[in-house]
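The values are calculated or read from the model by the stated rules, or taken from the named source; none is laboratory data. Bear in mind the structure is a predicted one, so any value in this text is a computation, not a measurement. Cβ placement follows ideal geometry from the backbone for every residue including glycine, while neighbour counts extend to all protein chains displayed.
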Amino acid sequence: MVVAEQILLKRLGRAAYLTVLEAMRAFTARRDAATPDELWLVEHPPVYTLGLAADPAHGPRLAGDIPLVQVERGGEITYHGPGQVVLYTLVDLARRGIKVREFVRLLERSVLDLLGGRGEVRPGAPGVYVDGAKIAALGIRVRRGCAFHGLSLNVDMDLAPFAAIDPCGYPGLRVTQTRDIGLAGSPDDLGTKLAANLAEALEHA
């Protein structure tokens, strides 16, 4: 499915984190100047991921069955699980003339537009918040001018695993989800709208 010129949307369903991570790495390694950008929508089985600068002191603090994966994205620790939209953004920033900070703003704006004015951003703390609780987390990596990884939006999920970590490295940070703020829509529905928002923002950047 093409959601905008030269941007392809792929729905991966529910897929293991490491499987998708390796696919992103392979895509980014083989792409060239003519490769269309892609947005991947996916849900993951439960997994904690640690960014490059992540401090292990931020958790997880309890032994359990949820795996922990170290990855090359920016940011600290976060949790992915069923009922969460994960939008991976395989975008050639150099070709589009977009700087990394601008790209982060575009990601945040895509979520804010989806929330219809309910959310806010914080200087120095990437992501989107509603009434002080984090609803969307960002973590990207840029290689040869091309971004991969992306953002996650909590939709209708079990939030309990967040209690075992300091989400995004912030002790005591509350998290929320679209269901709890009264925004209707399944992960598939909201993921589609989120991808469309980002595709439009990229085309007008």
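Here are a few things to note about the model shown:
- Applying the criterion of being among the hydrophobic types (A, V, I, L, M, F, W, C) and assigned to a strand (DSSP E or B) to the residues of segment 143-167, the residue that is nearest to the chain's Cα centre (by Cα) is 151.
- All strands (runs of 3 or more DSSP E) inside segment 16-83 with 2 or more residues being touching a strand residue (DSSP E or B) at 6+ places or on another chain (Cβ under 7 Å) and either free of Cβ contacts under 8 Å to residues at least 60 places away in the same chain or of a type in the set (Asp, Glu) (or both): 37-43, 47-50, 68-70
- When we screen 140, 135 for residues that are farther than 27 Å from residue 25 by Cβ and within 12 Å of the chain's Cα centre (by Cα), the only hit is 135.
- Residues satisfying the stated conditions in segment 170-187, i.e. over 15 Å from residue 129 (Cα atoms), in contact with an Asp or Glu (Cβ under 9 Å, 6 or more places away or on another chain) and either in contact (Cβ under 8 Å) with a residue 60 or more places away in the chain or in a helix (DSSP H, G or I) (or both): 187
- Residue that is out of contact with any helix residue (DSSP H, G or I) (no Cβ under 8 Å at 6 or more places or on another chain), closer than 22 Å to residue 106 by Cα and of a type in the set (A, V, I, L, M, F, W, C), where the choices are 8, 39, 90: 8
- Among (1) closer than 21 Å to residue 162 by Cβ; (2) at pLDDT 95 or above; (3) surrounded by 13 or more Cβ atoms within 10 Å (Cβ to Cβ) - the single one residue 75 does not satisfy: (2)
- Single residue of 128, 86 found to be in contact (Cβ under 8 Å) with a residue 60 or more places away in the chain, buried (at least 16 other Cβ atoms within 10 Å of the Cβ) and part of a strand (DSSP E or B): 86
- Top-ranked residue of segment 39-66 - restricted to ones that are more than 14 Å from the chain's Cα centre (by Cα) and of a type in the set (Gly, Ala, Ser), ranked as nearest to residue 178 (Cα to Cα): 59
- Some residue of segment 98-115 being more than 22 Å from residue 11 (Cβ to Cβ), of a type in the set (Phe, Trp, Tyr) and assigned to a strand (DSSP E or B): no
- Meets criteria (at pLDDT below 95 and surrounded by 13 or more Cβ atoms within 10 Å (Cβ to Cβ)) for residue 5: no
- Selection within segment 166-205 - touching a helix residue (DSSP H, G or I) at 6+ places or on another chain (Cβ under 6 Å) and more than 20 Å from residue 110 (Cβ to Cβ): 166, 169, 173
- Residues located in segment 170-205, provided they are at positive phi and surrounded by 15 or more Cβ atoms within 10 Å (Cβ to Cβ): 185
- Matching option when the condition is surrounded by 14 or more Cβ atoms within 10 Å (Cβ to Cβ), under 17 Å from the mean Cα position of the chain (by Cα) and among the aliphatic types (A, V, I, L, M), among 20, 69: 20
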